[in-house]
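Below is one structure, written out as structure tokens; comments come after it.
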Amino acid sequence: FSGDANYTFSLRHLLIAANRRGGEWENVGQIGQTRLLRTSFYQPLDYGMRWFVSPSAEIKRENIYLWDEGERVSEVALETNGGILDFGTVLGDWGEVRLGAFYGHGVAKPIIGDPGFDIENQTDAGGQFAFRVDTRDSTVFPRRGVQVKSWYRDIRESMGADADKQMARLDADIAMTFGRVTFVPSVSGQTLVTGPTSFLSLCSLGGFLNLSGLGVGELRGERCVLGR
């Protein structure tokens with residue numbers, strides 16, 4: 001009962017059927033604890049809308065806390081920017097596969113306290129494979145269906161990154177209804193497969209619905225797994 005409250009104000013613009021091929025343009029702006037400006041475009045390449053290309057770009061600034069044995073020791077402003085260019089195909093009405101290239105640049109600036117690591121610019125760039133499944137009957141309160149989101153990143157110095165490394169992430173849940181009761185068990189995980197650790201490659205646990213008894217991002221490391 002003694003926690004923090006963070007606030008954000010967001011605006012979202014979505015232009016559906018932006019052209020004859022069914023393109024969609026989305027823009028998101030956000031201020032508050034996390035400041036964000038993102039734009040993305042989804043463009044089917046054929047009239048059957050099975051193949052598509054999707055470029056996106058994002059600028060983000062968020063204040064994050066660093067913890068030591070349950071005590072908040074410092075606050076850092078993390079500024080990131082980057083973009084992704086995906087090519088993909090739609091798998092019926094239940095999923096999609098994407099293959100693309102991405103670039104991300106970030107720098108952490110101390111606000112309060114000593115973060116305990118050297119502040120420097122960090123750059124990740126490389127290729128990404130993403131796979132998604134969604135058979136839920138509702139995006140808000142599903143009663144049945146499966147959702148899977150996964151990606152694998154191959155980060156390369158030859159493409160502008162600071163170091164070679166590989167990362168992977170998986171988020172999955174299934175909705176099951178028995179009479180008037182619905183259960184939605186889920187699992188999520190992220191790992192640095194190979195390569196050196198950097199601040200951009202860390203995953204975190206802690207905060208509302210992400211081990212709610214801990215502070216936001218209280219646990220950080222190369223590997224995170226959560227079952228719920």
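The values are calculated or read from the model by the stated rules, or taken from the named source; none is laboratory data. Since the model is a prediction, treat every value here as computed from it, not as a measurement. All Cβ positions, even for glycine, are placed from backbone atoms using ideal geometry, and neighbour counts span all protein chains on display. SASA here: full protein model, heavy atoms, side chains in, ligands and nucleic acids out. Shrake-Rupley method; radii C 1.70, N 1.55, O 1.52, S 1.80 Å.
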- request: Kindly indicate which of LEU192, LEU170 is open to solvent by 60 Å² or more (accessible area, probe 1.4 Å) and aliphatic (A, V, I, L, M).
  value: LEU170
message: Condition first: open to solvent by less than 30 Å² (accessible area, probe 1.4 Å) and more than 25 Å from PRO196 (Cβ to Cβ). Can you find one or more residues in the range 108-128 that meet it?
response: no
task: Hey, can you tell me all the residues within the range 49-91 that are open to solvent by 60 Å² or more (accessible area, probe 1.4 Å) and not in a strand (DSSP E or B)?
output: MET49, ARG50, GLU69
- prompt: What's the number of the condition ALA163 fails, among (1) aliphatic (A, V, I, L, M); (2) part of a strand (DSSP E or B); (3) touching a residue at least 24 places away in the same chain (Cβ under 8 Å); (4) surrounded by 15 or more Cβ atoms within 10 Å (Cβ to Cβ)?
  reply: (2)
message: I'm told PRO142 meets every condition in (1) closer than 28 Å to ASP68 by Cα; (2) in a loop (DSSP other than H, G, I, E, B); (3) open to solvent by less than 50 Å² (accessible area, probe 1.4 Å); (4) not aliphatic (A, V, I, L, M) except one. Can you identify the failing condition by its number?
response: (1)
- prompt: Only one residue in GLY206, GLY217, GLY189 is small (Gly, Ala, Ser) and more than 30 Å from LEU85 (Cβ to Cβ), so which one is that?
  reply: GLY206
- request: Select from the range 145-158 the residues that are over 21 Å from the mean Cα position of the chain (by Cα) and more than 20 Å from VAL97 (Cβ to Cβ) and write down the one among them that is surrounded by the most Cβ atoms within 10 Å (Cβ to Cβ).
  value: GLU157
Hey, VAL181 over 18 Å from the mean Cα position of the chain (by Cα), at pLDDT 95 or above and open to solvent by 70 Å² or more (accessible area, probe 1.4 Å) or not: yes
message: Can you confirm whether VAL148 is in contact (Cβ under 8 Å) with a residue 12 or more places away in the chain and of a type in the set (A, V, I, L, M)?
response: yes
